[in-house]
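Read through the structure below, which is laid out as structure tokens, and then see the notes.
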Amino acid sequence: MRVLQVVTIMNRGGLETMLMNYYRQMDRSDIQFDFMVHREEKGHYDDEILRLGGKIYTMPQIRPGNYRLYFNRLDEFFAQHPEYQVVHSHNNENSSFVLRAAKQAGVPCRIAHSHLSDLGIDLKLPFRIYARYAMKDNPNRYFACSKHAGQWLFGKKAAASKDITVLNNAVHVDSFKYDPDVREQVREELQAGNKLVLGHVGRFNKQKNHHFLIDVFQAVHEKCPESMLVLVGEGYLQEAIKKKVDKLGLTPHVRFLGVREDIPNLLQGMDLFLFPSLFEGLPVVLIEAQAAGLKCVVSDTITTETDVTGRIQFINLNESPDNWAHQILSSSYEHVDTSQLLRNKGYDTRSMTKWLTDYYRGHGMHSRRA
């Protein structure tokens with residue numbers, strides 16, 4: 001069975017990493033993933049997808065001026081590809097469009113998957129409202145990374161009726177297990193010495209709240225000069241953040257590492273994970289940080305469902321950077337073995353992949369074609 005995964009682009013973001021975690025563990029002689037993407041540029045995971053036997057189909061960007069072209073391309077795609085019995089879309093409210101075309105083509109299992117809990121207010125808001133309204137019954141299966149994310153996209157009624165399946169953002173737990181030798185290697189690369197190393201992994205965009213993160217680190221550094229901040233990721237706000245760091249005189253104490261493939265190793269070298277996002281669904285990177293045994297200090301805009309190990313401290317974004325700094329500096333920096341706890345709670349891909357395989361098989365092969 002070939003399953004079509006619908007995304008924006010297969011870069012190293014949270015949902016994309018989650019998909020790859022499952023994909024790598026999947027018995028690909030039984031279930032094979034293919035990907036419909038909506039960007040012309042090459043994604044970070046594209047080469048690996050092709051090596052694993054997947055196909056990548058490029059579609060136009062989903063935007064109001066492109067709707068007619070996009071809808072026509074979707075109809076053409078499903079007419080040319082009758083092999084898909086499962087279409088699993090991760091584009092939040094924009095999933096309504098691809099799943100409408102899939103429904104018209106008779107695809108039996110059409111999954112809309114919510115990965116966020118908000119999108120904020122901007123010029124695209126009216127079109128997002130339209131897309132959410134257009135969702136209707138185009139999907140016939142509803143997934144979310146958390147109950148909160150499911151309520152946001154599908155409504156409280158759907159959540160209350162238990163129509164939403166929460167698919168855990170599972171990770172390969174063994175990859176993150178604490179290793180003192182790896183920690184020493186990473187800290188040598190970072191030239192960290194005995195400094196307090198705070199870490200963050202995420203795209204440089206408004207959602208991740210890097211400006212506030214830098215304010216918090218400035219407050220930490222004033223109280224603890226032997227500290228440094230490690231930032232992993234890229235994005236349109238990166239240059240602005242670099243300028244802010246330089247203006248505050250923090251450049252020698254902040255490392256911009258760009259996109260990295262060795263996140264499990266980097267987490268070993270950190271002492272605490274900092275994540276003051278404005279909104280999230282259920283961030284994969286927070287599961288990864290907990291798998292590495294790190295204490296995490298995060299904004300209380302993030303659902304408490306994220307705390308699966310008791311290693312997360314939630315702080316209100318209205319609290320001052322000084323208050324955040326106080327909480328950070330009074331935290332424990334010990335790495336704790338959380339592997340069994342994560343397995344017990346269904347956050348290890350080894351066990352969850354079997355569940356997902358059975359789900360695809362059961363609903364793709366036996367559902368009534370609608």
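General observations
- When residue 162 is tested against (1) modelled with pLDDT under 95; (2) assigned to a helix (DSSP H, G or I); (3) out of contact with any helix residue (DSSP H, G or I) (no Cβ under 8 Å at 6 or more places or on another chain), only condition (2) is not met.
- When residue 22 is tested against (1) under 25 Å from the mean Cα position of the chain (by Cα); (2) surrounded by fewer than 15 Cβ atoms within 10 Å (Cβ to Cβ); (3) not charged (D, E, K, R), only condition (2) is not met.
- Only one of the numbered conditions (1) open to solvent by 40 Å² or more (accessible area, probe 1.4 Å); (2) closer than 26 Å to residue 204 by Cβ; (3) assigned to a loop (DSSP other than H, G, I, E, B); (4) of a type outside the set (Lys, Arg) is violated by residue 29, and that is (2).
- Within the stretch 111-145, restricting attention to residues that are more than 21 Å from the chain's Cα centre (by Cα) and farther than 21 Å from residue 63 by Cα, the residue that is modelled with the lowest pLDDT is 137.
- Residue 86 of a type in the set (Val, Ile, Thr), in contact (Cβ under 8 Å) with a residue 40 or more places away in the chain and within 24 Å of residue 171 (Cβ to Cβ): yes
- Scanning the stretch 103-121 for residues that are in contact with a helix residue (DSSP H, G or I) (Cβ under 6 Å, 6 or more places away or on another chain), free of Cβ contacts under 8 Å to residues at least 40 places away in the same chain and not in a loop (DSSP other than H, G, I, E, B) yields one hit, 110.
- Of 39, 12, 68, all but one fail to be at pLDDT 95 or above and not in a strand (DSSP E or B); the exception is 39.
- Strands (runs of 3 or more DSSP E) (entirely within the stretch 237-351) containing at least 3 residues that are open to solvent by 10 Å² or more (accessible area, probe 1.4 Å), touching a His at 6+ places or on another chain (Cβ under 9 Å) and free of Cβ contacts under 8 Å to residues at least 12 places away in the same chain: none
- Criterion violated by residue 74 - all others in (1) open to solvent by less than 40 Å² (accessible area, probe 1.4 Å); (2) under 24 Å from residue 164 (Cβ atoms) satisfied: (2)
- When the stretch 77-92 is filtered for residues that are open to solvent by 10 Å² or more (accessible area, probe 1.4 Å) and of a type outside the set (A, V, I, L, M, F, W, C), the ones remaining, listed by number, are 80, 81, 82, 83, 85, 91, 92.
The values are calculated or read from the model by the stated rules, or taken from the named source; none is laboratory data. In this text, all values refer to a predicted model and were calculated from it rather than measured experimentally. Every residue, glycine among them, receives a Cβ derived from its backbone with ideal geometry; neighbour counts consider all protein chains shown. Ligands, DNA and RNA are stripped out before the accessible areas are found, and what is left, the full protein with its side chains, is counted by its heavy atoms. Shrake-Rupley method; radii C 1.70, N 1.55, O 1.52, S 1.80 Å.
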